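Chemist: The structure follows.
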Amino acid sequence: MIKRSKGEIIFEIFNIIFLAVVAIICLYPMLYVLLASFSKPSELMSHSGLLIKPLGFYTEAYKEVFARESIWVAYGNTFIYVIAGTIISLILTATFAYVLSRKGLYWNKALSIFALITMYFGGGMIPTFLNVIDLGLYNTRWAILLPTALSTYNMIIMRSGFAAVPTALEEAAEIDGASPFRTFVSIVLPLALPTVAVIALYYAVAQWNAWFNAAIYLMDTDLLPLQLFLRKILQDTNISEFTAGGGVASGDTLMLAEVIKYAVIIVSVVPILLLYPFIQKYFTKGVMVGAVKE
């Protein structure tokens with residue numbers, strides 16, 4: 001073992017303490033929301049300062065949320081948008097990135113510039129809205145899935161991952177009679193799996209958190225995603241639809257509304273958080289591919 005000096009030990013201890021404080025500061029808001037969602041409304045409204053434990057144990061807010069059919073419909077819509085949107089985005093991103101990663105491809109530079117321009121210039125909200133209407137996508141699920149299906153930033157990351165695959169492997173596959181599509185599916189994609197996994201998570205999180213396009217392009221309430229449903233709850237001061245028929249006294253409605261807001265936040269965040277542990281191992285390798293040249 002290398003003997004460390006006192007200065008190095010002090011510096012390491014300072015780093016640990018500093019990073020622990022930063023981690024607590026970052027995690028506490030989420031912890032506060034979780035604890036508040038299980039707190040009694042009357043005690044929560046009268047409480048001030050930090051919250052280190054639930055004020056009582058109150059689950060009525062979650063019962064009120066899950067008792068409504070609208071949130072289950074929104075949940076189902078969100079899962080449809082996340083799964084279908086991620087698959088569509090991965091297909092478009094992977095195929096485009098693979099084409100741009102091949103050396104010597106005709107029009108390679110022109111296609112790259114064309115893709116980069118979309119990162120700096122957009123058509124604007126009104127032209128995009130009119131385009132969605134003209135294409136017949138308005139008030140359909142395709143209005144959520146197609147307009148944002150391809151991210152240039154994600155495509156550039158995936159292109160770097162594909163470019164790191166040795167060309168000798170592709171040449172060997174070509175000699176064995178493999179078509180370009182077979183080479184892409186059987187050789188390039190498996191070797192670039194960390195990058196693909198990271199991009200898939202990026203798209204999934206973006207679809208899970210998306211609400212703006214749904215607010216513009218969707219009129220049918222049966223098509224609304226969970227995040228737009230959550231937004232309406234957070235902005236709506238009248239939550240009679242949650243408390244009607246629930247036996248809640250009228251004087252407690254406002255206090256229960258605050259706890260319901262915290263419960264809905266937890267309900268909307270937990271599923272996507274559960275996805276991170278399964279893909280976290282790919283993050284460092286995936287986003288660093290192509291970033292460091294030897």
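The values are calculated or read from the model by the stated rules, or taken from the named source; none is laboratory data. Predicted, not measured: the structure shown is a model, and the values here were computed from it. Note that each Cβ is placed from the backbone with ideal geometry, even for glycine, and that neighbours are counted across all protein chains shown. Areas reflect the complete protein model, heavy atoms only, side chains present, ligands, DNA and RNA absent. Shrake-Rupley method; radii C 1.70, N 1.55, O 1.52, S 1.80 Å.
Chemist: Could you give me the residue pairs with C-beta distances under 6 Å whose first residue belongs to the range 85-97 and is of a type in the set (A, V, I, L, M), whose second residue is not in a helix (DSSP H, G or I) wherever it lies, and which are 6+ apart or on separate chains?
Modeler: Between residues of the range 85-97 that are of a type in the set (A, V, I, L, M) and residues that are not in a helix (DSSP H, G or I), the close pairs are I88/A149; L92/A149; L92/L150.
Chemist: Looking at A173, A163, A215, which is the one that is free of Cβ contacts under 8 Å to residues at least 24 places away in the same chain and closer than 18 Å to K103 by Cβ?
Modeler: Details: A163 fails: free of Cβ contacts under 8 Å to residues at least 24 places away in the same chain; A215 fails: closer than 18 Å to K103 by Cβ.
Answer to the check: A173.
Chemist: From the list T93, T78, pick out the single residue that is in contact with a helix residue (DSSP H, G or I) (Cβ under 7 Å, 6 or more places away or on another chain), of a type outside the set (D, E) and closer than 22 Å to A192 by Cβ. If you could, list the steps in order and put the result at the bottom.
Modeler: Working: T78 fails: closer than 22 Å to A192 by Cβ.
Of the residues listed, the single one that is in contact with a helix residue (DSSP H, G or I) (Cβ under 7 Å, 6 or more places away or on another chain), of a type outside the set (D, E) and closer than 22 Å to A192 by Cβ is T93.
Residue-by-condition table, conditions (1) surrounded by 15 or more Cβ atoms within 10 Å (Cβ to Cβ); (2) closer than 16 Å to S268 by Cα:
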residue	(1), (2)
V21	no, no
C26	no, no
V33	yes, yes
G49	no, no
W72	no, yes
G76	no, yes
A84	yes, no
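Chemist: Additional query: Sort through A74, A110 and tell me the only one that's among the small types (G, A, S) and over 30 Å from S37 (Cβ atoms). Before you say what the answer is, go through the steps one by one.
Modeler: Values: A74 fails: over 30 Å from S37 (Cβ atoms).
On inspection, the qualifying residue turns out to be A110.
Chemist: Name every residue in the range 141-152 that is open to solvent by 40 Å² or more (accessible area, probe 1.4 Å), more than 12 Å from S89 (Cβ to Cβ) and touching a residue at least 12 places away in the same chain (Cβ under 8 Å), in order of residue number.
Modeler: Across the range 141-152, the qualifying residue is only R141.
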